[in-house]
Amino acid sequence: MKSILFALCLLISSAGFSQTDTTKTVLTEGTVVKVKTVTELKGSELKVGDIVNFELAQPIIINDKIVVNPGAKATGSVTSAAGSKALGKKGKLEFSIDYLYLPGGKTVKLKSSVAANVKGRGATTAAVSVLVSPLGLLWHGQQAKFPPGTVFSAYVDHDTVLN
């Protein structure tokens, strides 16, 4: 009888201390995050400080489980922009990808730097213009632009607990 009472007391006392799952899902620093442009980005239409919108292009998977689905919003900002100019001077567009916004309201800090420096033909255009026609001096260089759906890599800036 004492052993039955002892077992019953042990069962009752252990019921109050049931284990809970304390496993945290952590998005570790340096994890690659693939994002894509939502709209076309042109160096001639943007200015430094403008916000650029992206969306998650590929799911983020941790331990064989999708923790963030494609389509999650991400943002960045323009760090340098210029349209093409006469004499074949090229356009320029540089931006960072800064944040990934998760459905539960959590924000993940990202780090990256993207630059589109298009090769210009300034010297060639100037030389041909002098030899052939002065109208060549009005020839503009190539624009720096990214079409919608262009995929970029960003990296998680520091460990972030997702749950």
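The values are calculated or read from the model by the stated rules, or taken from the named source; none is laboratory data. Every value quoted in this text rests on a predicted model; they were computed, and no experiment measured them.
Listed values, structure above:
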| item | result |
| --- | --- |
| Pick from segment 40-60, criterion modelled with pLDDT of 95 or more and among the polar types (S, T, N, Q), ranking: farthest from SER112 (Cα to Cα) | GLN58 |
| Residues that are modelled with pLDDT under 65 and either part of a loop (DSSP other than H, G, I, E, B) or at positive phi (or both), drawn from segment 125-163 | VAL132, SER133, TRP139, HIS140, GLY141 |
| VAL114 vs. criteria within 18 Å of the chain's Cα centre (by Cα) and modelled with pLDDT of 85 or more | no |
